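The values are calculated or read from the model by the stated rules, or taken from the named source; none is laboratory data. What you are looking at is a predicted structure, and each value in this text was computed from that prediction instead of being measured. Note that each Cβ is placed from the backbone with ideal geometry, even for glycine, and that neighbours are counted across all protein chains shown. For the accessible areas, the whole protein counts, side chains as well, though only heavy atoms, and no ligand, DNA or RNA atoms are used. Shrake-Rupley method; radii C 1.70, N 1.55, O 1.52, S 1.80 Å.
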Amino acid sequence: MTTVSLGMPEVPPPPLAERRQSRQIMVGSVPVGGGAPVSVQSMTTTVTADVNATLQQIAELTASGCQIVRVAVPSADDAEALPAIAKKSQIPVIADIHFQPKYVFAAIDAGCAAVRVNPGNIKQFDDKVAEIARAANDAGTPIRIGVNAGSLDKRLLEKYGKATAEALVESALWECSLFEEHGFRDIKISVKHHDPVVMIRAYRQLAQQCEYPLHLGVTEAGPAFQGTIKSATAFGALLAEGIGDTIRVSLSAPPVEEVKVGIGILESLGLRERGLEIVSCPSCGRAQVDVYKLAEEVHAGLDGLPVPLRVAVMGCVVNGPGEAREADLGVASGNGKGQIFVRGEVIKTVPESQIVETLIGEALRIAEETGAELPEELRGLGPTVEVH
């Protein structure tokens, strides 16, 4: 079998910072904290009581790379659906509990991999901690203490005047202390805020004040573009400092999009092996082809490729040949033609109209040489031009 370079350096670059040392918990089969890889989560948007619809969405999330999924449990009907969902889901299921402590016990009894509680939204929550700790401990169920700026305990709002970083941290650590009094430490923490600056400050403080694994999130981040910017900014700052053990990107968009963004953030920081990476120029007056269109068509044609591959789509002769030569596969375009590079060598020159199909075909050939099994939609799309 041919040895194929996949664009990653032989010795991976060192991380930007050493990972923060934290306790490790197991969310089902997924380790969180303690040096485990940073995992990607999302949350279903279906009515949880609709078991089939919820499981279908979980399957879609699983296929997109989601490792842990959260489901909302606002009603008794949703709580009753948990056993079937927890049993049939391909990935660990976390029950998201607000307002009603009784649903915490229902989720534990249902076999959920973990339970998220929001102390600020559960009346008399502190009085239930001993009972919750006992049930969770007996079942081996971790608890996420999820503090949100929009539902902060009124006592802390009065103390700080608003949801400051200090208020979020104090709320989370107070609840942790109540569980600790009962010997329960199978905990992870989130302190989410819609403002990335406040959120970053809160997690930095938490990282210094406790050893619990941290779940990163910018809550109510907004529509896809805005939410992606906010999440990438906040997660990038923290993960670059070694802070963060699992992430959920919150977008006003389909959950699968959250997973894609989360994976992309981890790949860009070298915290996960890169998948398909398109290196393309931003275009300028030197470009002699429609770089935007070429890059989008190549990305769409290779979506789902199961091997890490760096593909350079360049529009002129200034940086084009150099970038294309450094990638696994690339094109330097100009004068209605494209020079196709594979592993640093020019293998052919094709008309502009054939650039996309040629790049896709060569990418699939490289993938097949690695022994990778291609998704059904990519099979049969190999190169149409013989390579000499």
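The table below lists the values:
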{"read-out": "Bridge type composition, the stretch 24-125 - antiparallel percent by DSSP, nearest 5", "value": "20"}
{"read-out": "Max mean-square fluctuation residue, GNM over the chain, Cα-Cα springs under 10 Å, options Glu368, Glu277, Glu170", "value": "Glu368"}
{"read-out": "Ser75 paired with Ala300, simple spin-label distance in nm, labels 7 Å along Cα-to-beta-carbon", "value": "3.9"}
{"read-out": "Percent of beta bridges antiparallel (DSSP, the chain, rounded to nearest 5)", "value": "30"}
{"read-out": "Helix-derived mean residue ellipticity, 222 nm - over the chain, DSSP H n ≥ 4, -39500 (n - 2.57), to 500", "value": "-12500 deg cm²/dmol"}
{"read-out": "Peptides ranked, highest mean first, by Cβ atoms within 10 Å: ranges 324-330, 239-245", "value": "324-330, 239-245"}
{"read-out": "Ranked by how many other beta carbons lie within 10 Å on average, peptides 213-220, 135-142 from highest", "value": "213-220, 135-142"}
{"read-out": "Surface per residue (accessible, 1.4 Å probe) for the chain, Å²", "value": "46"}
{"read-out": "Förster-model FRET efficiency, 25 Å R0, Ile278 and Thr62, C-beta, rounded to 0.05", "value": "0.55"}
